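This report concerns only the one structure given below.
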Amino acid sequence: MSELPLDLSALSADHQDDLAAVRTFRQQLKEAREQLKQRFAHGDDIGELVRAQALIIDQILSHAWRRLLAADETGIALIAVGGYGRGELHPGSDIDILILLHSNEHDHYRAALERLVMFLWDIGLEIGHSVRSLDECQWEASQDVTIATNLMEARLLEGPASLYDELRKRTGRDSIWPSRDFFQAKWNEQTSRHHKYNDTAYNLEPNIKEGPGGLRDIQNIGWVAKRHFEATTLHDLVTHKFLTEKECADLIAGQNFLWRVRFALHTLTGRREDRLLFDHQRTIANQFGFEDDAEGLAVEKFMKGYYRAIKELSVLNEMLLQHFQEALLYNDDASEPAAINSRFQLNRGFIEARNENIFKRYPFALMEVFLLIQQSPEIKGVRATTIRLIRDHLDLINDKFRADLRNRSLFMEMLRQPQGLTHELRRMNRYGVLARYIPMFGRIVGLMQYDLFHAYTVDAHILGVVRNLRRMLVADYAAELPICSRMIQDIPKLEVLYLGALFHDIAKGRGGDHSEAGADDALEFCLQHGMSNYDARFVAWLVRNHLIMSSTAQRKDISDPDVITEFAKQVGDKNHLDYLYLLTVADIRATNATLWNSWKDSLLFELYNATKRALRRGLENPIDKNEMIEEVQQQARTLLLQQHVADAQIDRLWRNLGDDYFLRHS
């Protein structure tokens with residue numbers, strides 16, 4: 001690290017009065033911070049800058065302490081805690097200190113400590129401080145895992161080492177929060193925190209610290225490692241075989257990237273700011289050297305890189321916490337793995353590959369693993385070693401893999417499962433499998449939608465639409481959307497609906513009409529995956545027309561019979577109307593949590609009812625009518641022949657039914 005930008009002799013000078021000391025300290029602090037900002041602007045190593053910030057504060061606090069408290073005091077110590085205790089500070093970070101007393105002698109030090117806090121405030125240093133005795137620290141840390149975590153990061157600045165050592169002993173894992181309890185508490189804490197952000201890192205104005213995949217997740221890994229292994233660096237996880245060298249390098253690179261963004265945010269706003277708001281995104285994109293060109297806006301490129309970094313960190317976080325879960329919560333489980341099939345087994349409730357060559361020998365197992373989780377609710381997740389194997393074999397998902405009938409069948413079978421689809425599509429997206437299997441989807445991973453409505457990246461939005469459709473089928477949520485919950489029960493082929501959702505925005509960012517391009521992609525994909533011409537065209541129709549119902553309801557006068565007639569002609573029949581209505585509701589609700597309201601709900605349902613009445617009056621003109629009738633008859637004939645009903649009997653009955661019967665019934 002280059003020389004610290006502080007004049008330590010000026011800080012040590014025997015000042016005549018407090019006012020002169022305040023001026024000197026304030027000036028030194030201001031100049032030091034300004035120098036670090038300049039170094040950041042010139043591209044200096046972010047790790048050095050973050051640690052230099054902490055070292056500057058160390059020097060300021062130590063000199064202020066020596067000036068205002070007697071040097072020979074043995075019953076009191078100044079200790080850095082939290083992120084500052086780790087020696088990591090950004091320009092606007094909280095500066096948390098603990099003033100530790102040997103015994104409960106608060107009154108004895110009250111006057112001196114009040115002078116210290118006032119002095120620090122006067123020089124422009126906003127600190128978060130607590131004054132506690134050893135007994136108080138031990139008690140409060142035992143009751144609150146957040147306090148215990150802060151004290152784990154404790155670092156002695158001033159005072160007797162013996163007092164600091166006693167604190168470490170009393171708050172260590174042998175005294176309070178043993179590794180197992182600590183891990184469970186931090187796991188629950190992270191789960192709760194992720195829920196606040198809708199379990200997605202892909203908000204368009206993300207919180208780079210608290211959101212999924214953010215800095216807090218990296219810190220969580222460090223805390224558990226420190227508690228369990230007494231690790232001092234993330235690289236210690238390589239020594240304990242929890243990470244490979246490459247994964248550790250990826251983790252540190254991701255942390256450094258987020259540090260750069262956070263440093264830039266704090267510098268830009270002049271305060272602690274961890275939300276990457278739109279205005280800040282544009283400024284930082286330019287600051288980081290991104291430029292507008294034919295491939296996209298500078299801010300879109302910057303944010304796409306950001307989301308992909310967050311996605312990588314999310315997987316590493318999942319994998320490491322999975323490792324810890326196995327080591328800490330299930331280490332006393334001596335049960336033998338139970339075979340699921342010749343490729344996978346259940347180990348302590350988690351699915352794992354039976355050996356490290358499974359995916360090489362059977363590439364289709366890269367799809368099969370997700371289907372098996374759907375089919376077996378008792379599976380808690382994927383073992384960390386298998387997550388690593390999946391990621392290491394992504395290059396097997398190529399054109400040959402996509403053309404393999406087994407993989408196409410496995411994917412379609414996933415869509416037909418009664419449970420787990422949302423979880424497994426999201427897991428496939430996290431691990432990189434979905435982007436490899438559907439290359440068009442890979443192009444929209446991390447892609448922003450700069451408009452007034454969307455609150456998530458395109459991939460997060462698409463998976464949110466699928467999730468909303470699945471939620472309509474869950475009895476516990478029937479009261480949310482009772483009409484949709486009843487309607488979706490009568491949908492004959494849910495996979496058509498899910499594929500419409502999966503492809504409806506897949507062509508975003510390519511230029512031109514994304515609905516048309518997406519419809520072409522959907523048609524090709526569906527035909528490749530063995531769907532009938534009718535069903536494939538139905539999916540493509542949904543993609544091509546996924547916006548017409550919301551735009552008609554919100555932009556046209558739906559009390560005008562001509563508007564309803566025109567919309568009914570576009571829809572064609574009640575079957576298409578039902579599918580489109582469900583997709584439209586799910587789409588709006590996945591766009592932005594604030595967009596859906598009772599007005600939109602009533603407007604869409606009013607349009608749905610008016611259109612249904614118009615179709616009943618005779619406007620119904622089914623899309624691909626003859627093909628639909630032929631398909632229904634073919635499926636019905638297959639079933640009837642299995643029941644030994646003769647062709648002649650079938651034909652005799654069907655001659656009397658007419659086309660309308662086959663259009664209205666499956």
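The values are calculated or read from the model by the stated rules, or taken from the named source; none is laboratory data. Everything numeric here is computed off the predicted structure, so don't read it as measured data. Ideal geometry is used to build each Cβ from the backbone, glycine not excepted, and the neighbour counts take in all protein chains shown. Just so you know, the surface numbers come from the protein's heavy atoms only, side chains and all, with ligands and any DNA or RNA stripped out. Shrake-Rupley method; radii C 1.70, N 1.55, O 1.52, S 1.80 Å.
Looking only at region 49-68, which residues are open to solvent by less than 60 Å² (accessible area, probe 1.4 Å) and more than 15 Å from L156 (Cβ to Cβ)? Once the filter is applied, which keeps residues that are open to solvent by less than 60 Å² (accessible area, probe 1.4 Å) and more than 15 Å from L156 (Cβ to Cβ), region 49-68 yields L49, V50, A52, Q53, I56, I60, H63, A64, L68.
Of G420, G446, G511, all but one fail to be under 26 Å from G296 (Cβ atoms), open to solvent by 10 Å² or more (accessible area, probe 1.4 Å) and not acidic (D, E); the exception is G511.
Residue by residue, here is whether (1) assigned to a helix (DSSP H, G or I); (2) more than 12 Å from L321 (Cβ to Cβ) holds:
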| residue | (1), (2) |
| --- | --- |
| S192 | yes, yes |
| A201 | no, yes |
| E210 | no, yes |
| G213 | no, yes |
| W223 | yes, no |
| R227 | yes, yes |
| L234 | no, yes |
| V238 | yes, yes |
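Can you find even one residue in region 110-118 that is farther than 23 Å from L19 by Cβ and open to solvent by less than 10 Å² (accessible area, probe 1.4 Å)? Scanning region 110-118, I find no residue that is farther than 23 Å from L19 by Cβ and open to solvent by less than 10 Å² (accessible area, probe 1.4 Å), so the answer is no. Can you pull out every residue in region 97-128 that is closer than 27 Å to R51 by Cβ and modelled with pLDDT under 95? Of everything in region 97-128, those that are closer than 27 Å to R51 by Cβ and modelled with pLDDT under 95 turn out to be L116, V117, F119, L120, W121, D122, I123, G124, L125, E126, I127, G128. Of all residues in region 516-533, those that are open to solvent by less than 10 Å² (accessible area, probe 1.4 Å) and either within 16 Å of H576 (Cα to Cα) or in contact with a His (Cβ under 8 Å, 6 or more places away or on another chain) (or both) total 2. The residue that is surrounded by the most Cβ atoms within 10 Å (Cβ to Cβ), counting only those in region 224-252 that are under 25 Å from F40 (Cβ atoms) and in contact (Cβ under 8 Å) with a residue 24 or more places away in the chain, is L251. Contact annotation: residue pairs with Cβ atoms under 9 Å, 6 or more positions apart or on different chains, pairing a residue in region 310-331 that is under 15 Å from G222 (Cβ atoms) and aromatic (F, W, Y) with a partner that is open to solvent by 10 Å² or more (accessible area, probe 1.4 Å) and assigned to a helix (DSSP H, G or I), are F324/S179; F324/W187; F324/H228. One residue stands out among those in region 37-48 that are out of contact with any helix residue (DSSP H, G or I) (no Cβ under 7 Å at 6 or more places or on another chain) and part of a helix (DSSP H, G or I): the one that is surrounded by the most Cβ atoms within 10 Å (Cβ to Cβ), which is E48.
Do we find that D144 is open to solvent by less than 30 Å² (accessible area, probe 1.4 Å) and among the acidic types (D, E) in this structure? So D144 fails the test. For E356, the conditions (1) loosely packed, with under 14 Cβ neighbours inside 10 Å; (2) closer than 29 Å to F182 by Cβ all hold with the exception of (2). Of all residues in region 485-508, those being within 22 Å of the chain's Cα centre (by Cα), open to solvent by 40 Å² or more (accessible area, probe 1.4 Å) and within 23 Å of P418 (Cβ to Cβ) number 0. Is it the case that R170 is open to solvent by 30 Å² or more (accessible area, probe 1.4 Å) and in contact with a Cys (Cβ under 8 Å, 6 or more places away or on another chain)? Considered against the rule, which asks whether it is open to solvent by 30 Å² or more (accessible area, probe 1.4 Å) and in contact with a Cys (Cβ under 8 Å, 6 or more places away or on another chain), R170 comes out as yes. Whenever a residue of region 275-286 is closer than 19 Å to S93 by Cα, it has no partner that is among the small types (G, A, S) and open to solvent by 10 Å² or more (accessible area, probe 1.4 Å) lying with C-beta atoms less than 8 angstrom away and at least six residues away or across chains.
Among residues of region 397-426 that are of a type in the set (G, A, S), those with a beta-carbon under 6 Å from a residue that is modelled with pLDDT of 95 or more at least six positions away or on a different chain give the pairs G420/Q374.
For L268, the criteria (1) of a type outside the set (D, E, K, R); (2) in a helix (DSSP H, G or I); (3) closer than 25 Å to V458 by Cβ hold in every case but one, which is (3). Restricting attention to region 16-30, which residues are surrounded by 13 or more Cβ atoms within 10 Å (Cβ to Cβ) and touching a residue at least 12 places away in the same chain (Cβ under 8 Å)? The answer is D18, A21, V22, T24, F25, R26, Q28, L29. On inspection, A536 qualifies as free of Cβ contacts under 8 Å to residues at least 24 places away in the same chain and buried (at least 21 other Cβ atoms within 10 Å of the Cβ). Taking residues in region 111-137 that are at negative phi, and partners anywhere that are hydroxyl-bearing (S, T, Y) and not in a helix (DSSP H, G or I), the pairs with Cβ atoms closer than 7 Å and at least 6 places apart or on different chains are S133/S103. Restricting to region 585-631, name every residue that is at pLDDT 75 or above, basic (K, R) and surrounded by 15 or more Cβ atoms within 10 Å (Cβ to Cβ). Residues satisfying the conditions are R589, K600, K612.
In this structure, S103 does not satisfy being in contact (Cβ under 8 Å) with a residue 24 or more places away in the chain, surrounded by fewer than 21 Cβ atoms within 10 Å (Cβ to Cβ), more than 23 Å from T267 (Cα to Cα) and in contact with a Leu (Cβ under 6 Å, 6 or more places away or on another chain). Screening the candidates L321, L346, L316 for the property of being outside any helix (DSSP H, G or I) and surrounded by 14 or more Cβ atoms within 10 Å (Cβ to Cβ) yields one hit, L346.
Close Cβ contacts (under 9 Å, 6 or more residues apart or on different chains) running from residues in region 212-223 that are farther than 16 Å from K311 by Cβ to residues that are among the hydroxyl-bearing types (S, T, Y) and open to solvent by 10 Å² or more (accessible area, probe 1.4 Å) comprise G222/T233.
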